[in-house]
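To start, the structure under review is shown below, and the notes come after it.
The values are calculated or read from the model by the stated rules, or taken from the named source; none is laboratory data. Quick caveat, the model's predicted, so the values are computed rather than measured. Cβ placement follows ideal geometry from the backbone for every residue including glycine, while neighbour counts extend to all protein chains displayed. These accessible areas exclude ligands, DNA and RNA; they are computed on the full protein's heavy atoms, side chains included. Shrake-Rupley method; radii C 1.70, N 1.55, O 1.52, S 1.80 Å.
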Amino acid sequence: MPSTTRRNRRRDTPPPRTGSTESEVLRGFLDYLRSSIAAKVDGAPEPQARTAAVPSGTNLLGLLHHLTLVERSMFLGDDVTDWQATFRAAPTDSVADVVARYRDAVERANDVLDGCTDLGAPVPRPRPDRPAPSIRWALTHMIEETGRHAGHADILRELIDSTTGR
């Protein structure tokens, strides 16, 4: 357990001031949370980033790996058959690898979202076997999913090396 006498503080950034449309607000908050969790994992020391700090087995690297696959499933149409397995990064994955893949998935998801003007329309994704949710639902779900795991990541990173802040 790291010493609590020395704290590694990041600058804590407030939620974004976005535009006034529903789409700008939803996307602004999602991007804020995406940046927050990527920054929380980026630079985390090995092997602590993949070491479970709680009985459930949750670890920092696994959280970001999971969110990468959620982004890819929601916006790019990737099929995930075992969601529980997404909470474990491959043993050969470095912190930098997982962060880079997450940022790539976010960039590709944003490319899809940039073409969506109607929040009530379905997410355009190549999975004809399942109906797609609306853009509004997908954005709201991703805010909830990313926010929840960003909170977990805050605690796990502080347990690893006392780093706090967004």
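Some notes on this structure:
- Residues in region 54-79 that are in a loop (DSSP other than H, G, I, E, B) and within 11 Å of His152 (Cα to Cα): Val54, Thr58, Asn59.
- Flag set for Leu33, criterion: assigned to a helix (DSSP H, G or I) and within 15 Å of the chain's Cα centre (by Cα).
Here's the yes/no breakdown for (1) of a type in the set (Ser, Thr, Tyr); (2) within 11 Å of Thr164 (Cα to Cα); (3) modelled with pLDDT under 95:
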| residue | (1), (2), (3) |
| --- | --- |
| Asp12 | no, yes, yes |
| Arg17 | no, no, yes |
| Ser20 | yes, no, yes |
| Leu33 | no, no, no |
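- Subset of region 14-43 (residues that are in contact (Cβ under 8 Å) with a residue 12 or more places away in the chain and over 14 Å from Ala150 (Cα atoms)): Pro16, Glu22, Ser23, Leu26, Arg27, Gly28, Gly43
- Meets criteria (part of a loop (DSSP other than H, G, I, E, B), modelled with pLDDT of 95 or more and surrounded by 15 or more Cβ atoms within 10 Å (Cβ to Cβ)) for Ala89: yes
- Hey, Asp104 surrounded by 13 or more Cβ atoms within 10 Å (Cβ to Cβ) and modelled with pLDDT under 95 or not: no
- Selection of first residues in region 47-69 that are farther than 13 Å from Ala90 by Cβ and without any contact (Cβ under 8 Å) to a residue 40 or more places away in the chain and of second residues that are among the charged types (D, E, K, R) and surrounded by fewer than 24 Cβ atoms within 10 Å (Cβ to Cβ), restricted to Cβ pairs under 9 Å at least 6 apart or on distinct chains, gives the following pairs, ordered by first then second residue: Gly57/Arg88.
- Among the residues listed as Asp111, Asp118, Asp154, Asp129, the single one being open to solvent by 70 Å² or more (accessible area, probe 1.4 Å), in a helix (DSSP H, G or I) and either charged (D, E, K, R) or touching a His at 6+ places or on another chain (Cβ under 7 Å) (or both): Asp111
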